[in-house]
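Since the structure comes first, as structure tokens, the remarks are kept for the end.
The values are calculated or read from the model by the stated rules, or taken from the named source; none is laboratory data. What you see is a predicted model; the values in this text were computed from it and never measured. Note that we place each Cβ from the backbone using ideal geometry, even for glycine, and neighbour counts take in every protein chain shown. Note: accessible area is taken over every heavy atom of the protein model, side chains too, but ligands, DNA and RNA are not part of it. Shrake-Rupley method; radii C 1.70, N 1.55, O 1.52, S 1.80 Å.
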Amino acid sequence: MSPMLRTALVIGLSLALSAAAVAADFATLLQGLDTRNFREKMTVTEQIAGSGHPRAAAVLTALSAGDLYVDDASGRVVIRHDDGPVTDAATGEPVASHGGLDRVIANILMRRRIEGALSRLRLNAPAPQMRLKAVRGLFGDLDENTVALLRERRDAEDDPRVAAALAVGLALYDLREGSRGERMAAIDELGGNLAPEARNALRQAAADGALPGPVREAAASALARTQTWVSFYDRVEQIFFGLSLGSVLLLAAVGLAITFGVMGVINMAHGELIMLGAYTTFVLQQLMPGHIGLALVLSVPAAFLVAGAFGVVIERGVIRHLYGRPLETLLATFGISLILQQLVRTVFSPLNRSVSAPEWLSGSVVLNPVLSLTVNRLVIIAFALAVFTLLVLVLNRTSLGLKVRAVSQNRAMARAVGVRSDWVDAATFGLGAGVAGIAGVALSQLTNVGPNMGQSYIIDSFLVVVFGGAGNLLGTLVGAMTLGVLNKFLEPATGAVLAKILVLVFIILFIQKRPKGLFPQRGRAAEA
Amino acid sequence: MRTIRKRLAGVVAGLALAGSVGGAHAAEEPIKVGVLHSLSGTMAISESTLKDTMLMLIEEQNAKGGVLGRKLEPVVVDPASDWPLFAEKARQLITQEGVDVIFGAWTSVSRKSVLPVVEELKVPLFYPVQYEGEESSKYVFYTGAAPNQQAIPAVNYLRNMLGIERFVLEGTDYVYPRTTNKILKRYLMDRGVAEEDILVNYTPFGFSDWQSEVARIKEFGSQGKPTAVVSTINGDANVPFYKELANQGVSAADIPVIAFSVGEQELSGIDTAPLVGHMSAWNYFQSIDTPANEAFIERWHEYIGDDSRVTNDPMEAHYIGFNMWVKAVEKAGTADPEAVVDAMIGVTAPNLTGGVAAMMPNHHITKPVFIGEIQDNGQFAAVWQTPGMVAGDAWSDFLPESSKIISDWREPLACGNYDVTTGECSGQEY
């Protein structure tokens, strides 16, 4: 064996040995996570982040996601995602686990620390999306070291969005620490950028007495430019919030617009029909575990049928005996609402039930750092409009719709030409009830599904119908959207409690002036 | 008896049997225990569990032979989440049913409604829920947390451990959040937090459209300083609030929320995966690993017949309160309400988290304070706790008008509202 070869062998061997020692050290380090003391856990987390070990990123990701466990039997720290295979945290190799697994719980502080550490590690990740997240993650943590990393990355970056984010990050640092020239360049870079970090940096620079006058002025004017856009997007956001609230009101009220508006029945159990729709969603989700989204879609026809069937029963059983006696109808339907609530309490328990949101209804569409629209609200706005359109078509383009309008306008004449008014009454009420059930499906995505959920919508529904003008579907649409937007524009200025009161006062005044609502029915039907 | 639901039928039948067997000793009549919790209406979601807890505790005590050789007989009424009805039902329990003690109420307004009744008829009420303080009655024993046993340690945790500098005090619009936020705002400003760094906002009961509020919190939290939300949002409104937070992408790492009214029971109605890391401050968590707690959870599951039912803080408060009452009856040698009220002060009972609770002279008890982070299984992981027990303070030290008032129901002071500067006991007893 030549001396050279021997040296190489020795070096190789010692490297392998030290690698083994490092691996053992790392495994021992991980054991330190098996404690109830969060201060100790934090120390270990920092050591892992600083270890530079190739498994560090995987371990930290698992710890943050709650996928890190301690094996009861061997005391080994392992990683397991959901019900997947168990792997050794220190080596990444699959291991057999016989005992139970105890999760290593991370608290917020540890998760924040991990987020920072991972940002550094992911700065050179292959996926641009990851790099973008990493760069943004470092905005709050800019010092010489991280800035050096960012500069290094800037020279190698080819994705334009990541490059833009890198420029912002470096400008943030320059504005704080740079020379006068660098600061002016940074202000140019940050002006018009909507990211909160950029705005905060400019705000600080504009107020910083230690900076020379021109720099402060430049920062102030750059900030003013940004603020114009920010307030514009704030307005857009408010309108979106208003339309979203309006679409919820529309869904809740449109069924009532038929039973109360077209038929003239004061149905106090309307809210409970909404509740039945929501419970239908719950039941379907229970019947189809693992298919939450599909269950939700199927709930739309199912809720229509369930609530519609209840509606027909209520109409045939109670309401048809009380036509023309609004006070008795009010009391009887109020009684029905209490019966339905207690029925649900007995069948499902008084506790709220959990209806899950499918993946495609979660999160938001981020348009820019200031404006993002939540997906579930977008879908519900579209859904409300679709239901509304469908209902208008049914009432105006189908034979049922024709008969409904005929009976509501002149019952005697309709009967004389051969319309079975009894059957039409039941079908109309069933239609209104069914639409309330559909509203329940949508509301189950936004609020609690419980025995009391109907009560929170009944008053709003009547307000919308009365405000829009009873008997007019278009009025319901305009009324719901107007009240929604009005409410959301008042809320930031007055608070939610006062906003609600002001809207009520507005409606009272409006009804004083125009007792028949926004779009009163005209002609003979109005007098009937 | 006729008002008792079918759930109780078994218990009642058992008691009736026990009663008839013991009929030979005519003097050994059962001690009647009133249970005043809503079983219908909005509060049924929270209060019906406490009714079951009380029935379980009473059943257990009877299995041990009752108290002073006498069996306990629960009398359950339903005040139906209707505040004035609480007063009527309390009066009915005392004057018609002849109960010697009442366990009940949840909301502050229902407690305030019952208070004049128990003071007039001189029967003790054990109130198991965290509340706003600023009250002390001779006949009310507060086994839930006062603000200094929940809210103050919670903001200390935010400031000292998480380095929070900006606070959003978000609450439902009624007496508990308003008083608590008043105390917290004063407390924070006394400790150098600027007024513009505190945002106070209220929403109505059962509020469900949180879009603007969450957008405002996001905006308030994006000004460069670490921000947290201190939530006194009550009941149902929490679910849409947390859903909106998750949908607008506000995570616990950005803007953590610490809540005082969200426990295991409230979380059992939601998917908690997006909430991991948000916090609650309580004096008990189901996840706290002690032999006493494990045994309690096991008995609860057995009693209710459903392993998925959770335990929570007010249940522990009833557990402590009930055991204290039993000890006080034994100490007094009688179940006579006046004698028991006098015997209560100084009575101790073990809690479920490994400590011992003591009844203080101001009718509040000592409790440990825990901060728990929400986990994806709907439970909390305790991440911090006070080093020792904290005694409940009836009158907040952080409000100028109440810091000079103390409560001590021992003789010779025997006053719930004693002004130390003037040396006068206010005629008002609460």
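For the stretch B:253-286, the tally of residues that are small (Gly, Ala, Ser) and more than 10 Å from chain A (Cβ to nearest Cβ) stands at 5.
The single residue among B:Leu199, B:Leu188, B:Leu184, B:Leu162 that is of a type in the set (A, V, I, L, M, F, W, C) and within 30 Å of A:Gly484 (Cβ to Cβ) turns out to be B:Leu199. Has the stretch A:214-221 got at least one residue that is within 14 Å of chain B (Cβ to nearest Cβ) and either surrounded by 14 or more Cβ atoms within 10 Å (Cβ to Cβ) or over 30 Å from A:Ala382 (Cβ atoms) (or both)? Taking every residue of the stretch A:214-221 in turn, none turns out to be within 14 Å of chain B (Cβ to nearest Cβ) and either surrounded by 14 or more Cβ atoms within 10 Å (Cβ to Cβ) or over 30 Å from A:Ala382 (Cβ atoms) (or both). When A:Ala295, A:Ala278, A:Ala257 are checked against the criterion of being in contact with a strand residue (DSSP E or B) (Cβ under 7 Å, 6 or more places away or on another chain) and either at pLDDT below 90 or assigned to a helix (DSSP H, G or I) (or both), A:Ala278 stands alone in meeting it. Say whether the condition of being part of a helix (DSSP H, G or I), over 30 Å from B:Gln248 (Cβ atoms), open to solvent by 70 Å² or more (accessible area, probe 1.4 Å) and touching a helix residue (DSSP H, G or I) at 6+ places or on another chain (Cβ under 8 Å) is met by at least one residue in the stretch A:343-366. Scanning the stretch A:343-366, I find no residue that is part of a helix (DSSP H, G or I), over 30 Å from B:Gln248 (Cβ atoms), open to solvent by 70 Å² or more (accessible area, probe 1.4 Å) and touching a helix residue (DSSP H, G or I) at 6+ places or on another chain (Cβ under 8 Å), so the answer is no.
Put simply, of A:Val355, A:Val365 the only residue that is more than 10 Å from chain B (Cβ to nearest Cβ), touching a strand residue (DSSP E or B) at 6+ places or on another chain (Cβ under 7 Å) and among the hydrophobic types (A, V, I, L, M, F, W, C) is A:Val365.
Restricting to the stretch A:405-454, what's the tally of residues that are among the basic types (Lys, Arg) and either within 14 Å of chain B (Cβ to nearest Cβ) or under 26 Å from the mean Cα position of the chain (by Cα) (or both)? Even if it seems obvious, please write down each step before you answer.
Here is the first cut: in the stretch A:405-454, the ones among the basic types (Lys, Arg) are A:405, A:411, A:415, A:420.
Now narrow it down to the ones that are either within 14 Å of chain B (Cβ to nearest Cβ) or under 26 Å from the mean Cα position of the chain (by Cα) (or both): none.
Total meeting the criteria: 0.
Residue-wise test of (1) of a type outside the set (Ser, Thr, Tyr); (2) open to solvent by 60 Å² or more (accessible area, probe 1.4 Å); (3) within 14 Å of chain B (Cβ to nearest Cβ).
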site	(1), (2), (3)
A:Ile239	yes, yes, yes
A:Gly246	yes, no, yes
A:Ala257	yes, no, no
A:Val262	yes, no, no
A:Glu272	yes, no, no
A:Gly277	yes, no, no
A:Gln286	yes, yes, yes
A:His291	yes, yes, no
A:Glu315	yes, no, no
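Within the stretch B:260-303, can you find the residues that are among the hydroxyl-bearing types (Ser, Thr, Tyr) and not in a loop (DSSP other than H, G, I, E, B)? Of everything in the stretch B:260-303, those that are among the hydroxyl-bearing types (Ser, Thr, Tyr) and not in a loop (DSSP other than H, G, I, E, B) turn out to be B:Ser280, B:Tyr303.
Matching residues to (1) of a type in the set (Val, Ile, Thr); (2) without any contact (Cβ under 8 Å) to a residue 40 or more places away in the chain; (3) open to solvent by 30 Å² or more (accessible area, probe 1.4 Å):
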position	(1), (2), (3)
B:Arg186	no, no, yes
B:Val193	yes, yes, no
B:Gln211	no, yes, no
B:Ala215	no, yes, no
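Residues in the stretch A:426-483 that are touching a residue at least 40 places away in the same chain (Cβ under 8 Å), in contact with a Pro (Cβ under 8 Å, 6 or more places away or on another chain) and not hydrophobic (A, V, I, L, M, F, W, C) were compared, and the one that is farthest from B:Ser46 (Cα to Cα) is A:Asn472. One residue stands out among those in the stretch B:36-59 that are over 19 Å from B:Val262 (Cα atoms) and hydrophobic (A, V, I, L, M, F, W, C): the one that is nearest to the other protein chains (Cβ to nearest Cβ), which is B:Leu39.
For beta carbons closer than 6 Å, sequence separation of 6+ or different chains, a first residue in the stretch A:325-351 that is closer than 17 Å to B:Thr49 by Cα and within 14 Å of chain B (Cβ to nearest Cβ) and a second that is surrounded by fewer than 14 Cβ atoms within 10 Å (Cβ to Cβ) and aromatic (Phe, Trp, Tyr), there are no qualifying pairs.
If you go through the stretch B:217-248, how many residues are assigned to a loop (DSSP other than H, G, I, E, B), closer than 20 Å to B:Thr179 by Cα and open to solvent by 10 Å² or more (accessible area, probe 1.4 Å)? Working first, answer last.
The initial filter retains those residues of the stretch B:217-248 that are assigned to a loop (DSSP other than H, G, I, E, B), namely B:222-226, B:233-234, B:248.
Among the residues that remain, those that are also closer than 20 Å to B:Thr179 by Cα are: B:233-234.
Narrowing further to those that are open to solvent by 10 Å² or more (accessible area, probe 1.4 Å): B:234.
Residues that pass the stated criteria total 1.
Given the criterion basic (Lys, Arg) and over 28 Å from the mean Cα position of the chain (by Cα), identify the matching residue among B:Arg186, B:Arg216. Show your work before the answer.
Details: B:Arg186 fails: over 28 Å from the mean Cα position of the chain (by Cα).
Only one candidate qualifies: B:Arg216.
Please indicate, with yes or no, whether at least one residue in the stretch B:192-205 is among the hydrophobic types (A, V, I, L, M, F, W, C), touching a strand residue (DSSP E or B) at 6+ places or on another chain (Cβ under 8 Å) and either part of a helix (DSSP H, G or I) or facing chain A (nearest Cβ under 10 Å) (or both). So far as the stretch B:192-205 goes, yes, one or more of its residues are among the hydrophobic types (A, V, I, L, M, F, W, C), touching a strand residue (DSSP E or B) at 6+ places or on another chain (Cβ under 8 Å) and either part of a helix (DSSP H, G or I) or facing chain A (nearest Cβ under 10 Å) (or both). Would the stretch A:160-167 turn up any residue that is of a type outside the set (A, V, I, L, M), part of a helix (DSSP H, G or I), open to solvent by 20 Å² or more (accessible area, probe 1.4 Å) and not assigned by TED's automatic domain parsing to the domain that holds A:Val370? Looking through the stretch A:160-167, at least one residue is of a type outside the set (A, V, I, L, M), part of a helix (DSSP H, G or I), open to solvent by 20 Å² or more (accessible area, probe 1.4 Å) and not assigned by TED's automatic domain parsing to the domain that holds A:Val370.
With respect to being out of contact with any Leu (no Cβ under 9 Å at 6 or more places or on another chain) and without any contact (Cβ under 8 Å) to a residue 24 or more places away in the chain, A:Val318 fits the description. Hey, can you tell me all the residues within the stretch B:214-245 that are farther than 19 Å from B:Trp282 by Cα and facing chain A (nearest Cβ under 7 Å)? Listed by number, the residues that qualify are B:Ala215, B:Arg216, B:Ser222, B:Gln223, B:Gly224, B:Pro240.
Among B:Val99, B:Val129, B:Val117, which is under 22 Å from B:Gly41 (Cα atoms) and of a type in the set (A, V, I, L, M, F, W, C)? Spell out the reasoning first.
Values: B:Val99 fails: under 22 Å from B:Gly41 (Cα atoms); B:Val117 fails: under 22 Å from B:Gly41 (Cα atoms).
After ruling out the rest, the residue left standing is B:Val129.
Each row is one residue, and each column tells you yes or no for (1) of a type in the set (Lys, Arg); (2) touching a Cys at 6+ places or on another chain (Cβ under 8 Å); (3) at pLDDT 90 or above.
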site	(1), (2), (3)
A:Thr329	no, no, yes
A:Ala332	no, no, yes
A:Ile336	no, no, yes
A:Val355	no, no, no
A:Ala382	no, no, yes
A:Leu390	no, no, yes
A:Thr398	no, no, yes
A:Arg411	yes, no, no
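Here no strands (runs of 3 or more DSSP E) wholly within the stretch B:37-143 include at least 3 residues being open to solvent by 30 Å² or more (accessible area, probe 1.4 Å) and at positive phi.
Taking the criterion of being over 12 Å from A:Thr61 (Cα atoms) and away from every other protein chain (no Cβ under 14 Å), would at least one residue in the stretch A:105-119 satisfy it? Don't jump to the end; show me each part of the working.
Quick first cut of the stretch A:105-119, residues over 12 Å from A:Thr61 (Cα atoms) only: A:105, A:107-109.
Those still in the list that are away from every other protein chain (no Cβ under 14 Å) too: none.
There is no residue in the stretch A:105-119 that is over 12 Å from A:Thr61 (Cα atoms) and away from every other protein chain (no Cβ under 14 Å).
Taking first residues from the stretch A:182-211 that are at positive phi and without any contact (Cβ under 8 Å) to a residue 60 or more places away in the chain and partners that are assigned to a helix (DSSP H, G or I) and surrounded by 15 or more Cβ atoms within 10 Å (Cβ to Cβ), the Cβ contacts under 6 Å between residues at least 6 apart in sequence or on separate chains come to A:Gly192/A:Thr226. Working only within the stretch A:121-158, note down all residues that are over 24 Å from A:Gln204 (Cα atoms), open to solvent by 30 Å² or more (accessible area, probe 1.4 Å) and outside any helix (DSSP H, G or I). Hits for the stretch A:121-158 are A:Asn124, A:Pro126, A:Ala127, A:Asp158.
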